[in-house]
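Below you'll find the structure I mean.
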Amino acid sequence: MDLIDDPKPGQNMPEFTVSEISGEVKRTLEGSFGRIRVRGEVGRVFQARSGHLYYDIKDDRNVLSCTTWKGQVSSLSVTPEEGLEVVVTGRLTVFGAQSKYNLNVDEVAVAGQGALMALLEKRKKQLESEGLFAPERKRPLPYLPQVIGVITSPQGAVIRDILHRLRERFPRKVLIWPVAVQGAACAPEVARAIEGFNRLTPGGALPRPDLLIVARGGGSIEDLWGFNEEIVARAAAASQIPLISAVGHETDTTLIDHVSDRRAPTPTAAAEIAVPVRLELLAWTGEQGARLSRAATDAVQRRAQRLRDLSRALPRPDSLLDTPRQRLDRAAERLPAALTRGVQRHRLRLAELSAPLRPASLRALVTARRDRLANLGSRLSPRTLDREIAAQRDRLTRLSDRLDSAQKTRIDRLRQRLDATDRLRIQLSYKATLARGYAVVRDEAGALLTTRKLAEKAAALQIEFADGTLDTGATPGKPAARSRQTPPEQGSLF
C-alpha cells in the first residue's frame, strides 16, 4: 500500500498547454538566431491569391520553408524561381498551428554570377521559343520622328548625352519618363513606362511618341539585371511604338536588346540612330536641287539643239509660198469671166420664174380657181344636205332595228336557260324525295336528326312531309294536334 502511494519520479514537473509550449519554442528560436542569411537552391514556388509568396530553400539533405509576405514581395531584388541558387536573408519563426518553423525572407540575392547567367539563359530560351526574338516581328524605325520618348533616369550623364546628341543632329521634341535603372524598382517602372507611352492618344494634349528609347549606362550584370526581367522583355515586345534599346555598353547584352526593334551599343548611339543629321540633310537637299537644275538646263539645251537640227531640213519660206502665189494669180485672172457668166445665168433663171406672173397667166389661174370654188359651192346647197340627212336617218333606223332584234334574241336565250336551271333545281330538291313517301325529322331547334339516338334525346320533334310539317309534343310517341303547312316560298337547294 505504501508503494502505491509513493509519487512517481517527475510528477512534480510543471505542465504546459499546447499554445504555451509553441510560444516558448517560437521565442527561443527567434531569440537564438535573430536575422540570418541562408544559401541554397530554390525548390517549390507558390504565390497565393492573397499575394504572399511561399517557397523552399534546399540542399542535398534538408529543406527550409520560406515565406515572403505580400508587402515584402515588391522590395525583393530577385524573384525566387525554381532551380535558382540564391542567398536569402530573414528571420526564423514558428507557425504553431502546424508545428512548423520557416524563414520569413525579406531579401533575395543570386548566389554568384554563374547562377545569374544560367537564369538569364533560361529566360532567353523561353522567350525565344515564343517567337519574341523573331526578325519578322521587328518594326522599322521612322525616318524623322516628331516626338521621341526616352525612358531612363532623370539624373546622370545618359539623358544629357541623348539630349545633347539630338540637339546636334536634328532637334526634336523629347518626352522623358523617369524610372529607376537598377534595383528592385527598375523592372516594374520600366515596364509601366513602356505601357504608359503606348496608352497615350495620338494627337492628344500630350503627344504620343513616334519612337521610344530605353537607355542606361554601363554596369555589372547585377546592376543591369532589371532589364533582364521577363516583365520588361514582354512589355518591349508588346509595344506598338518602335523601340530602341540602349542599355549598357557595347559588350553588355540584356533581354530587352533581343526583343527591341533596334539595339544601340550606347545611349549616344541610340540618339544617332533615332534622327539623321540635319546639316547632312540640308547638304543633300542642296545637292539634289543643283543636280535637278543641271538636268533641266541640259534637257533644254538638247531640245534646242534638236530643234535647230530639224529646222535645217525645212525649205525656205519663199519657196513654200511660190506655188500658192501662182494659184492665186490664176484664180484672179479667171474671176472677171466667172462673175460675168454667173450674172447671165441668174438673169436667165429670173426670166423663167417671172413668166407665170404675166397678166394672161394670172387671168387663167384666177378662172381655174373660180370654177373650183363654184363646184364646191354646188355641193353645199340645201337640197344636197337634205338628201345626205335622209340617208343618215335611214341608216340609223336600220341599226336600231338590228339592235332591238339582237336584244330580244339574247333575252329569250337567257329566259330559256333560267327555266332549264329551275327545272334542274326542282329535280334535285329534297321536296321531290318527300313526294315519294319520305320525311325529314328535326329537333325543337330545327337541327336535322339522322339517327334514332338523336331523336330520343330531343325534347320535341318536327316531321316534315311533302304536304306540310307535323310538330310532336315533349314526349316522343304522343303527337300534338297542331300542324303547319309548308310555306309557299322557295326552299333551299341543299
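Just so it is clear, none of the values below were taken in a lab; they were calculated from the coordinates. Every value quoted in this text rests on a predicted model; they were computed, and no experiment measured them. Cβ: placed from backbone, ideal geometry, glycine included. Neighbour counts: every protein chain shown.
Please go through the residue pairs 70/125; 138/173; 125/173; 124/173 and name each one whose alpha carbons sit more than 26 Å apart in this structure.
On the way: 70/125 29 Å; 138/173 24 Å; 125/173 37 Å; 124/173 34 Å.
Going by Cα-Cα distance, 70/125; 125/173; 124/173 fall outside the 26 Å limit.
Here is a further query. Estimate the FRET efficiency between residue 160 and residue 28 by the formula 1/(1 + (r/R0)^6), using the beta-carbon distance for r and 60 Å for R0, to the nearest 0.05.
My answer for the efficiency is 0.60.
Then there is this: So what J values fall out for the stretch 118-135 if you push phi through Karplus, 6.51 cos²θ - 1.76 cosθ + 1.60 with θ = phi - 60°, rounded to Hz, Gly and Pro as x?
Per residue, the Karplus-derived 3J(HN,Hα) values read 5, 5, 5, 5, 5, 5, 4, 5, 5, 5, 5, 5, 7, x, 6, 9, 5, x Hz.
Here's a follow-up. Specify whether the C-alpha gyration tensor of the chain places it in the rounded, prolate or oblate class, a ≥ b ≥ c being the square roots of the eigenvalues: rounded for a/c under 1.5, otherwise prolate if a/b is larger than b/c and oblate if not.
Working: a/c = 6.97, a/b = 1.37, b/c = 5.08.
Judged from the Cα gyration tensor, the chain comes out oblate (a/c at least 1.5, b/c at or above a/b).
Still on this structure, I have one more. Which whole-Hz couplings ³J(HN,Hα) result when phi for each residue of the stretch 69-86 is put into the Karplus expression 6.51 cos²θ - 1.76 cosθ + 1.60, θ = phi - 60°, listed in order with x for Gly and Pro?
Values, residue by residue: 5, 4, x, 9, 4, 5, 8, 6, 6, 10, 7, x, 10, 4, x, 8, 8, 9 Hz.
Counting only Cα atoms, I'd like the Rg/Rh figure for the stretch 371-410, Kirkwood definition for Rh.
That ratio equals 1.37.
In a shell of Cβ-Cβ distance under 12 Å around residue 129, excluding residue 129 itself, what net charge do Lys and Arg (+1) and Asp and Glu (-1) give?
+2
For each of 456, 107, 15, count neighbouring Cβ atoms within 10 Å of the residue's Cβ, then give the residues from fewest to most.
Ascending number of Cβ neighbours within 10 Å: 15, 456, 107.
Where the only charges are on Cβ atoms (+1 Lys, Arg; -1 Asp, Glu), what is the dipole of the chain about its Cα centre, to the nearest 20 debye?
7220 debye
Once you put a point 7 Å from the Cα of residue 417 and another 7 Å from the Cα of residue 430, both along the Cβ direction, what distance in nm separates them?
3.0 nm
Would you work out which of 255, 214, 202 lies farthest towards the positive end of the dipole of the stretch 140-280, given +1 charges on the beta-carbon of Lys and Arg and -1 on that of Asp and Glu, about the Cα centre?
Checking the options against the dipole of the stretch 140-280, the answer is 202.
Name the long-range amide H neighbours of residue 216: under 5 Å, sequence gap of 5 or more, or other chain; modelled H, no Pro or chain starts.
Amide H neighbours of residue 216: 246, 247, 248.
Residues with amide H under 5 Å of residue 174's amide H, sequence separation 5 or more or different chain, H placed in the peptide plane at 1.01 Å from N; which?
For residue 174, the qualifying residues are 148.
Hey, can you grab everything whose amide H is under 5 Å from the amide H of residue 52? Only 5+ residues off in sequence or another chain; H modelled, so Pro and N-termini drop out.
Here 70 satisfy the definition.
Report relative contact order for the chain in percent, whole number only (criteria: Cα-Cα under 8 Å, sequence separation at least 6).
Value for the chain: 8 percent.
With 10 angstrom as the radius, rank 453, 70 by how many other C-beta atoms surround their C-beta, starting from the fewest.
453, 70
Short version: ³J(HN,Hα) in whole Hz for each residue of the stretch 93-110, in order, from phi by Karplus 6.51 cos²θ - 1.76 cosθ + 1.60 (θ = phi - 60°), x for Gly and Pro, what are they?
Going residue by residue, I get 8, 10, 9, x, 4, 10, 6, 10, 10, 8, 10, 7, 9, 10, 8, 10, 10, 6 Hz, with x marking Gly and Pro.
I've got another one for you. Assuming a ≥ b ≥ c are the square roots of the Cα gyration tensor eigenvalues, decide whether the stretch 362-459 counts as rounded (a/c under 1.5), prolate (otherwise, with a/b larger than b/c) or oblate.
Numbers: a/c = 9.17, a/b = 5.56, b/c = 1.65.
Because a/c hits 1.5 or more and a/b exceeds b/c, the stretch 362-459 counts as prolate.
Can you tell me the dipole magnitude for the stretch 18-111 around its Cα centre, using point charges on the Cβ only (Lys, Arg +1; Asp, Glu -1), in Debye to the nearest 20?
240 debye
Return a whole-number percent for the relative contact order of the stretch 198-254, with Cα pairs under 8 Å and 6 or more residues apart as the contact set.
With pairs under 8 Å counted, the relative contact order is 45 percent.
Sorted from fewest to most neighbouring beta carbons within 10 Å, what does the list 227, 16 look like?
Details: 227 25, 16 11.
The most exposed by this proxy come first: 16, 227.
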